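Asker: Before anything else, here's the structure in question.
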Amino acid sequence: MWVIALLGASSAFVESTLAQLFKTKASDSFRGGPAYYIQKGMGKRWFAIVFAILISLTFGLAFNSVQANTITAALDKSFGLPVYPVGVVLAVMTAVVIWGGIHRISRFSEIVVPVMAGLYILLAIVILVMSAGKIPYVLQAIVTDAFSGDSVVGGGLGMTIMMGVKRGLFSNEAGEGSAPNVAATAAVSHPVKQGLIQAFAVFTDTLLICTCTAIIILCSGVYTSGESGIRLTQLSLESEIGAAGSAFVSVAVFFFAFTSIVSNYYYGETNLRFIKDSDTAVNVYKFAVSAMVFTGAVTSLDLAWGLADIFMGLMTLVNLTALAFLWKYAVILLKDYEQQKRLGRNPVYRRSTIPKIASETECWPD
């Protein structure tokens, strides 16, 4: 996961920079992402449609099943809430929000999610300080066990790499092509600014938050309990600070996962409208997303992850293929950005910088 984060920072920079470069004007903001830069930069609409279909299936359906499964598992572990009723409530909440309340939940998330993330990091720091003597041995174990014959349920180095790639991509989304859909909506003076922000986000997700979680689990010693997923994290916190730790994780996960469900739906709708701006298709998609939230909530974790991994791999393959053709534009933009910074200016991108694609970058000044 660490290696994927280091590599992913570069792909995250390129894809988000391209999303900004090729974004289009929407009714009250901007819209963009891989489907848009594939069509505009490569001139291949069919390939863009393939990506649009894959991301709609991956995030709106497969990934939302994982998020719903995480919520129900966390609430069951901490509060003993039954899975099926929670699944129904989640599906209804999702339907209510995506049928008209996205802006309200977005404003709520802007406040709650950063606070919960900050509290989680603070909690992790406290536990890491308490377990300071174990950390060097834990870090050593992470590295040595990855190359030993006992790594990852006896699967060896190959399984370690496979699991690290899958979970690393899920944690930071670098190279998948999802983050550019949001990156395109930002209002910045130069595309590189958003690319740098997204590269930093990869480090925050995987190298900071995921590493803190891993160290907590390994310091607790409960990773041999047979638990997995969110329940393993809860069990680890219980062993360190008691039942309050598990309850906090449940509340935090609910906010993180539910807002992710809404965001995932947004990715799907944006790309469906890229294919064809049809309200009927979007309405059918809303029903499918709500149904998949319930299905994910009550199904097994392995099945939910299996679907997510398959679709994520296909989507990432398509996006990375596009980046292989379009990365040159990100390099030109980075050089332009650095040149303006050296001159003491606030970098501003103009369409004339890359005349070849000036007609496809209508959101930028001449």
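Asker: Eight or more residues apart or on different chains, and alpha-carbon atoms under 13 Å: count the Lys pairs in the chain matching that.
Answerer: 5
Asker: Let me ask another. Return the FRET efficiency for the residue pair ILE357, LYS25: r is the Cβ-Cβ distance, R0 is 22 Å, and the value is rounded to the nearest 0.05.
Answerer: The formula returns an efficiency of 0.85 here.
Asker: What is the dipole size for the chain, taken about its Cα centre, with +1 at each Lys and Arg Cβ and -1 at each Asp and Glu Cβ, in debye to the nearest 20?
Answerer: Its charge dipole is roughly 1220 debye.
Asker: What net charge do the residues around TYR265 carry, taking every other residue with its C-beta under 13 Å from that of TYR265, with Lys and Arg at +1 and Asp and Glu at -1?
Answerer: On the way: positive: ARG273, LYS286; negative: GLU269.
Local net charge: +1.
Asker: If the elastic network links every pair of Cα atoms under 10 Å, which of ALA243, ALA199, ALA35 fluctuates the most in the Gaussian network model of the chain?
Answerer: With Cα springs under 10 Å in the chain, the top fluctuation among ALA243, ALA199, ALA35 is at ALA243.
Asker: Moving to a separate point now. Taking springs between alpha-carbon atoms closer than 10 angstrom, which of SER260, SER78, SER131 fluctuates most in the Gaussian network model of the chain?
Answerer: SER131
Asker: Would you mind giving the three semi-axes, in whole Å and largest first, of the ellipsoid equivalent to the stretch 163-296 according to its Cα gyration tensor? Walk me through the intermediate numbers first.
Answerer: Values: eigenvalues 212, 90, 30 Å².
Semi-axes (√(5λ), whole Å): 33, 21, 12.
Asker: Can you compute the helix-only [θ] at 222 nm over the chain? Use -39500 (n - 2.57) per DSSP H run of at least 4 residues, normalise by all residues, nearest 500 deg cm²/dmol.
Answerer: It comes out at -24000 deg cm²/dmol, rounded to the nearest 500.
Asker: Which of these, PRO191, PRO82, PRO34, has the largest mean-square fluctuation under a Gaussian network model of the chain (Cα springs below 10 Å)?
Answerer: Highest fluctuation of the listed residues: PRO82.
Asker: Output the relative contact order of the chain, whole-number percent, from Cα pairs under 8 angstrom with separation of 6+ residues.
Answerer: Here the relative contact order equals 38 percent.
Asker: Please list the non-local residues whose amide H lies under 5 Å from the amide H of ALA26, H modeled 1.01 Å from N, same-chain partners needing a gap of 5 or more.
Answerer: Placed amide hydrogens put ARG31 under 5 Å from ALA26.
Asker: So for THR206, THR295, fewest C-beta neighbours within 10 Å to most, what's the order? Please report the intermediate quantities before stating the final value.
Answerer: On the way: THR206 25, THR295 19.
Lowest count first: THR295, THR206.
Asker: Hey, can you rank 18-28, 341-351 by average C-beta count inside 10 Å, highest first?
Answerer: On the way: 18-28: 20.5, 341-351: 12.8.
My ranking of the peptides, most packed first, is 18-28, 341-351.
Asker: What is the extension gain from THR144 to VAL115, computed as 0.36 nm multiplied by their sequence separation minus the C-alpha to C-alpha distance, in nm to one decimal?
Answerer: 6.9 nm
Readers should treat all values here as calculations from the given coordinates under stated rules, not as data from a laboratory. Just so it is clear, the model here is predicted, and its values are computed rather than measured. A quick note on method: Cβ atoms are made from the backbone with ideal geometry, for glycine too, and the neighbour counts reach across all protein chains shown.
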